[in-house]
Amino acid sequence: MKTLVLVFHPHVEDSHVNRKLMDVAGKVDGVTVVDEYAAYPDFKIDVEREHALLQEHDRIVLQFPFYWYSAPALLKQWEDDVLNIGWAYGDYALEGKEIMVAVSTGAPAECYTHDGSQARTMEELLSPYEAMSRYVHASYRKPFLVHGAATSTEEQLDEIIARYPTFLTGR
């Protein structure tokens, strides 16, 4: 199974979580990593290139930091441009593929409960990605979550990041 990791982080070079995730993913056999902000700093997305990448892979991972209950702006632009009618839906070019998200949060996991400070679970907050996957006839898989980027020690984060290759390959 070929996996495509699309990284949507506007300052990945300064990120201590998403940069490490990206670097670890790049060392996994059968995994292609694309830094979307480096590819499209002007937000002018090459839709044909993105379609080709998506068609070449079986599993698509959208990797991003969670900002204000959402993803960075380029991911929304990417969805609007790339997941277009007559390709993603209509012709269902992604049918049978797996879509996953890999998300980092600044707050610890306990904040993302009904009793926590966010009053919502990450599954609830990420539900638009599950809905999108269903709409394009792809299978949505459980997300890879890195909580507490702002509060965890490097050792704690490294333990979580070490599990990323297994998530990406399913092995």
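The values are calculated or read from the model by the stated rules, or taken from the named source; none is laboratory data. Values in this document were obtained by computation on a predicted structure and should not be read as measured data. A quick note on method: Cβ atoms are made from the backbone with ideal geometry, for glycine too, and the neighbour counts reach across all protein chains shown. Accessible surface is based on the protein model in full, side chains and every heavy atom, while ligands, DNA and RNA are left aside. Shrake-Rupley method; radii C 1.70, N 1.55, O 1.52, S 1.80 Å.
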task = Kindly check whether there is at least one residue in the range 143-158 that is part of a strand (DSSP E or B), farther than 30 Å from residue 90 by Cα and not hydroxyl-bearing (Ser, Thr, Tyr).
result = yes
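Residue under question is residue 90, and the condition is that it be open to solvent by less than 70 Å² (accessible area, probe 1.4 Å) and at pLDDT below 95; does it hold? Before the answer, list the steps.
On the way: open to solvent by less than 70 Å² (accessible area, probe 1.4 Å): yes; at pLDDT below 95: yes.
Yes; evaluated as a whole, the condition is true for this residue.
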request  = Sort through 127, 133 and tell me the only one that's of a type in the set (Ser, Thr, Tyr), at pLDDT 95 or above and open to solvent by less than 30 Å² (accessible area, probe 1.4 Å).
outcome  = 133
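Any chance the range 128-135 includes a residue that's part of a loop (DSSP other than H, G, I, E, B) and either in contact with a Gly (Cβ under 9 Å, 6 or more places away or on another chain) or closer than 23 Å to residue 19 by Cβ (or both)?
no
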inquiry  = Pairs needed: first member in the range 45-67, without any contact (Cβ under 8 Å) to a residue 40 or more places away in the chain; second member anywhere, open to solvent by 20 Å² or more (accessible area, probe 1.4 Å) and not hydrophobic (A, V, I, L, M, F, W, C); C-beta distance under 6 Å; at least 6 residues apart or different chains.
reply    = 45/81; 47/81
request  = Being surrounded by fewer than 13 Cβ atoms within 10 Å (Cβ to Cβ) and not acidic (Asp, Glu) is the filter here, so list the residues in the range 4-15 that pass it.
outcome  = 11
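Tally the residues that are without any contact (Cβ under 8 Å) to a residue 40 or more places away in the chain, surrounded by 14 or more Cβ atoms within 10 Å (Cβ to Cβ) and in contact with a Ser or Thr (Cβ under 9 Å, 6 or more places away or on another chain), restricting the search to the range 104-117.
Quick first cut of the range 104-117, residues without any contact (Cβ under 8 Å) to a residue 40 or more places away in the chain only: 109-117.
Cutting the leftovers down to surrounded by 14 or more Cβ atoms within 10 Å (Cβ to Cβ) gives us 109, 111-112, 116.
Restricting the remaining residues to those that are in contact with a Ser or Thr (Cβ under 9 Å, 6 or more places away or on another chain) gives 111-112.
The qualifying residues number 2.
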task = Can you give me the ranges of the helices (runs of 4 or more DSSP H) entirely in the range 1-116 with at least 1 residues that are in contact with a His (Cβ under 9 Å, 6 or more places away or on another chain)?
result = 18-25, 36-39, 73-82
Looking only at the range 149-165, and only at residues there that are within 22 Å of residue 123 (Cβ to Cβ) and within 17 Å of the chain's Cα centre (by Cα), the one that is modelled with the lowest pLDDT = 149
